[in-house]
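Trainee: Here it is: the structure, laid out below.
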Amino acid sequence: MEYLAYLLRQTGRNIRQTWGTQVMTLLTVTLSVLIFSFFFLVYTNLLKASERFGDELRLVVYLDKEIEPQQQPQVEKKIRSFSEVEKVTFLSRADAFARLQAQLGEEQDVLADLGPDFLPPSIEVYPAKTLRGLTQINQFSEYLQALPGVAKVQYGREWLERFGSFTKLIRVIVFLSGGLLIISMTFIVSYTIRLTVVSRHSEMEILRLLGATSAYLRLPLLLEGVLQGFCGSALGLFSLFLLYRWICDHFTAPGVLRLFEFTFFSPEAIALILLSSILLCSCGSLVSIRRFMRI
Amino acid sequence: MEQDARQESPLIELIKVTKVYPPDIVALEEVSLQVYKGEILFLTGRSGAGKSTLLKLICCLEAPTKGVIEVSGRDLAKIKPPGIQRMRQKIGVAYQDFKILEKQTVAENIAMAMEVTYASKRAIRERIAELLVMLNLSDKHDKLAGELSRGEQQRVALARAAANRPTLLLADEPTGNLDQATTELVIRLLKGLNEESGTTIVVATHDESIYMETDHRVMDLCDGRISVHASRSKPRQIELFEALPA
Ligand SMILES: Nc1ncnc2c1ncn2[C@@H]1O[C@H](COP(=O)(O)OP(=O)(O)OP(=O)(O)O)[C@@H](O)[C@H]1O
Ligand SMILES: [Mg+2]
């Protein structure tokens with residue numbers, strides 16, 4: 001008990017002694033965590049969104065002419081022979097027309113002049129969940145394209161590609177800001193701890209002569225790093241949460257963000273960010289302790 | 001009393017200890033010495049004789065160039081840093097240059113010695129008050145150590161050394177800057193500690209007045225060698241010293 005009281009008292013004293021720098025450090029840690037977790041949040045949401053797209057993904061195979069009902073099993077077999085497929089739906093001209101009519105609802109007058117034959121017959125292929133990569137889907141579509149009687153295969157390829165490369169870009173930014181986070185945290189924290197060590201140098205010399213154990217001298221410095229990591233990352237995450245709420249309040253109603261269904265970090269992710277910040281800041285203080293304090 | 005003590009192994013034992021400061025200043029040369037539990041030993045000698053060096057060797061502030069130093073039967077050279085720190089908590093040292101923090105108060109300076117042993121705040125407060133009364137420094141409790149006179153700083157250094165009621169107390173010139181009456185206070189503190197807590201005390205001093213009238217062992221250093229083993233008043237002890245290995 002007495003140990004803990006000593007630890008806390010000493011840490012408090014150290015922080016008071018260099019509080020100007022302490023505030024700067026805290027802000028730096030906060031900002032790094034904010035930047036990193038912002039991009040990380042965007043990235044996790046993109047991943048979630050792409051999963052959702054994956055669920056809804058289907059390839060539409062337009063045909064030159066209708067397939068007779070008795071041929072359908074053979075065609076389906078051919079399709080399945082390339083890859084796992086969850087569902088195959090055959091749409092005749094009439095089916096396609098009926099569906100479009102339903103979709104248009106009250107505005108179906110526009111179809112009046114076109115007649116029920118203007119849409120081509122098609123097969124809708126829902127690939128299995130295991131077929132995920134863009135290249136795999138590409139190969140699948142090429143295979144379908146090569147089947148006899150196929151006019152065209154459509155699956156929003158361009159859109160998927162753009163989305164994929166955007167996700168990749170964000171991933172790079174996440175890594176970069178993660179690197180920034182690591183560097184800024186360890187450097188700034190080790191710098192502050194160094195200041196504390198230097199400002200208390202003569203005192204530590206004497207404490208050593210009086211028999212202070214290395215735990216007595218070092219633990220407060222380590223705790224200082226831990227506190228910086230915890231407070232900084234908590235503050236950073238909290239600011240991100242405020243930002244998130246603000247975005248939700250202002251951009252939810254229409255458009256793209258609705259599609260994305262933006263969500264905040266899971267408790268596990270929050271714990272992970274807090275823990276790694278604490279770990280990084282402790283490393284920073286350990287570096288300083290090892291370099292500038294000899295006992 | 002002392003005779004009994006000597007039958008057990010010594011608290012401090014120096015065996016042919018030589019200390020050479022770089023480049024080639026020989027501060028101590030082949031010094032052998034034993035200090036027994038509960039004893040008060042005076043170390044005398046001209047300035048530069050090596051008194052401070054000897055005390056620094058015992059508290060591990062310096063390492064010997066040659067020879068072996070044992071404290072409680074353990075070779076200091078073989079104790080690892082954590083062990084040294086634990087040992088230092090039990091050794092109070094009043095340095096000749098005080099080594100107090102001028103920017104901290106008298107109370108804070110003394111408290112440091114007890115804080116490293118994780119003593120309770122209350123115990124620290126009470127012990128400080130007690131020591132300051134004994135050394136006539138009660139009104140200086142919250143003064144910055146840097147604002148004190150040399151003699152006052154010297155007493156703060158001694159109070160810090162005595163704070164933990166250490167097993168061993170090393171005092172380097174504890175009365176160098178003090179008048180007769182204050183010297184009395186210091187001696188009374190040391191004697192009290194020796195009698196109540198059984199603290200073994202080694203005092204390095206020029207001040208003949210503090211050992212002339214006592215029956216404690218006095219050892220004279222001359223150019224880094226022990227020249228006289230003597231007690232000024234009691235012949236009984238001279239015999240004993242002569243029985244010791246040279
Ligand atoms: N750190 C050091 N580096 C080099 N030489 C030193 C050092 N400390 C002491 N000496 C030398 O060692 C010798 C013994 O010094 P020491 O301080 O032990 O003497 P002393 O007996 O305590 O003297 P005084 O009574 O003046 O305090 C002296 O010649 C001194 O110059
Ligand atoms: Mg000296």
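The values are calculated or read from the model by the stated rules, or taken from the named source; none is laboratory data. Just so it is clear, the structure is predicted and the values come from calculations on it, not from any experiment. Quick reminder, even Gly has a Cβ in these numbers, built from the backbone with ideal geometry, and neighbours come from all protein chains shown. Please note that ligands, DNA and RNA were not included when accessible areas were found on the heavy atoms of the full protein model with its side chains. Shrake-Rupley method; radii C 1.70, N 1.55, O 1.52, S 1.80 Å.
Trainee: So which residues in segment B:92-125 are within 21 Å of the chain's Cα centre (by Cα) and loosely packed, with under 15 Cβ neighbours inside 10 Å?
Mentor: Within segment B:92-125, B:97 is the sole residue that qualifies.
Trainee: Show me the strands (runs of 3 or more DSSP E) entirely contained within segment B:126-226 in which 1 or more residues are within 16 Å of ligand 1 (Cβ to nearest atom) and surrounded by fewer than 20 Cβ atoms within 10 Å (Cβ to Cβ).
Mentor: B:217-222
Trainee: Confirm whether residue B:57 is under 17 Å from the mean Cα position of the chain (by Cα), surrounded by 15 or more Cβ atoms within 10 Å (Cβ to Cβ) and within 13 Å of ligand 1 (Cβ to nearest atom).
Mentor: yes
Trainee: Report, ordered by the first and then the second residue, all pairs with beta carbons closer than 7 Å, sequence separation of six or more or different chains, a first member in segment B:74-92 that is within 10 Å of residue B:60 (Cβ to Cβ) and at the interface with chain A (Cβ under 8 Å from one of its Cβ atoms), and a second member that is assigned to a helix (DSSP H, G or I) and at pLDDT 90 or above.
Mentor: From residues that are within 10 Å of residue B:60 (Cβ to Cβ) and at the interface with chain A (Cβ under 8 Å from one of its Cβ atoms), the pairs are B:88/A:209.
Trainee: Tally time: how many residues in segment B:36-49 are near ligand 1 (Cβ under 6 Å from one of its atoms) and open to solvent by 10 Å² or more (accessible area, probe 1.4 Å)?
Mentor: The total comes to 3.
Trainee: Based on what the data block shows, is residue A:236 away from chain B (no Cβ under 14 Å) and more than 26 Å from the chain's Cα centre (by Cα)?
Mentor: no
Trainee: Taking the condition hydrophobic (A, V, I, L, M, F, W, C), farther than 29 Å from residue A:7 by Cβ and surrounded by fewer than 20 Cβ atoms within 10 Å (Cβ to Cβ), does residue B:63 pass?
Mentor: Spelling it out, residue B:63 is indeed hydrophobic (A, V, I, L, M, F, W, C), farther than 29 Å from residue A:7 by Cβ and surrounded by fewer than 20 Cβ atoms within 10 Å (Cβ to Cβ).
Trainee: Quick test of your reading of the structure: residue B:32 fulfils all but one of (1) surrounded by fewer than 20 Cβ atoms within 10 Å (Cβ to Cβ); (2) of a type in the set (S, T, N, Q); (3) within 22 Å of residue A:209 (Cβ to Cβ). Name the failing condition by number.
Mentor: Result: residue B:32 fails condition (3) only.
Trainee: Still on this model: Criterion first (hydrophobic (A, V, I, L, M, F, W, C) and open to solvent by 70 Å² or more (accessible area, probe 1.4 Å)) does residue A:160 satisfy it?
Mentor: no
Table: residues versus (1) open to solvent by less than 80 Å² (accessible area, probe 1.4 Å); (2) at pLDDT 85 or above.
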site	(1), (2)
A:104	yes, no
A:117	no, no
A:122	yes, no
A:126	yes, no
A:130	no, no
A:166	no, yes
A:186	yes, yes
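Trainee: May I pose another question? Among the residues of segment A:147-157, which ones are modelled with pLDDT of 80 or more and open to solvent by 60 Å² or more (accessible area, probe 1.4 Å)?
Mentor: Those that are modelled with pLDDT of 80 or more and open to solvent by 60 Å² or more (accessible area, probe 1.4 Å): A:152, A:154.
Trainee: Among all residue pairs at least 6 apart or on different chains, which show Cβ distances below 7 Å where the first residue, located in segment A:75-92, is over 20 Å from residue A:120 (Cα atoms) and the second is of a type in the set (Val, Ile, Thr)?
Mentor: A:84/A:130; A:85/A:79; A:85/A:125
Trainee: While we're looking at this one, here's another question. Looking only at segment B:29-70, filter to residues that are within 16 Å of residue B:94 (Cα to Cα) and more than 16 Å from ligand 2 (Cβ to nearest atom); which one of those is nearest to the other protein chains (Cβ to nearest Cβ)?
Mentor: B:60
Trainee: Would it be correct to say that residue A:111 is surrounded by 15 or more Cβ atoms within 10 Å (Cβ to Cβ) and free of Cβ contacts under 8 Å to residues at least 40 places away in the same chain?
Mentor: yes
Yes/no per residue for (1) of a type in the set (Val, Ile, Thr); (2) more than 16 Å from ligand 2 (Cβ to nearest atom); (3) out of contact with any Cys (no Cβ under 8 Å at 6 or more places or on another chain); (4) closer than 17 Å to residue B:59 by Cα:
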| position | (1), (2), (3), (4) |
| --- | --- |
| B:168 | no, yes, yes, yes |
| B:182 | yes, yes, yes, no |
| B:185 | no, yes, yes, no |
| B:191 | no, yes, yes, no |
| B:202 | yes, no, yes, yes |
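Trainee: In this structure, is residue B:226 at pLDDT 90 or above, among the hydrophobic types (A, V, I, L, M, F, W, C) and out of contact with any His (no Cβ under 7 Å at 6 or more places or on another chain)?
Mentor: no
Trainee: Hey, does segment A:4-21 have a residue that's within 23 Å of residue A:242 (Cβ to Cβ), open to solvent by 20 Å² or more (accessible area, probe 1.4 Å) and either assigned to a helix (DSSP H, G or I) or in contact (Cβ under 8 Å) with a residue 60 or more places away in the chain (or both)?
Mentor: Scanning segment A:4-21 turns up no residue that is within 23 Å of residue A:242 (Cβ to Cβ), open to solvent by 20 Å² or more (accessible area, probe 1.4 Å) and either assigned to a helix (DSSP H, G or I) or in contact (Cβ under 8 Å) with a residue 60 or more places away in the chain (or both).
Trainee: Restrict the check to segment A:1-9 and report whether at least one residue is acidic (Asp, Glu) and away from chain B (no Cβ under 14 Å).
Mentor: Checked segment A:1-9: no residue is acidic (Asp, Glu) and away from chain B (no Cβ under 14 Å).
Trainee: Restricting to segment B:66-91, what's the tally of residues that are within 16 Å of ligand 1 (Cβ to nearest atom) and crowded, with 21+ Cβ neighbours inside 10 Å?
Mentor: 1
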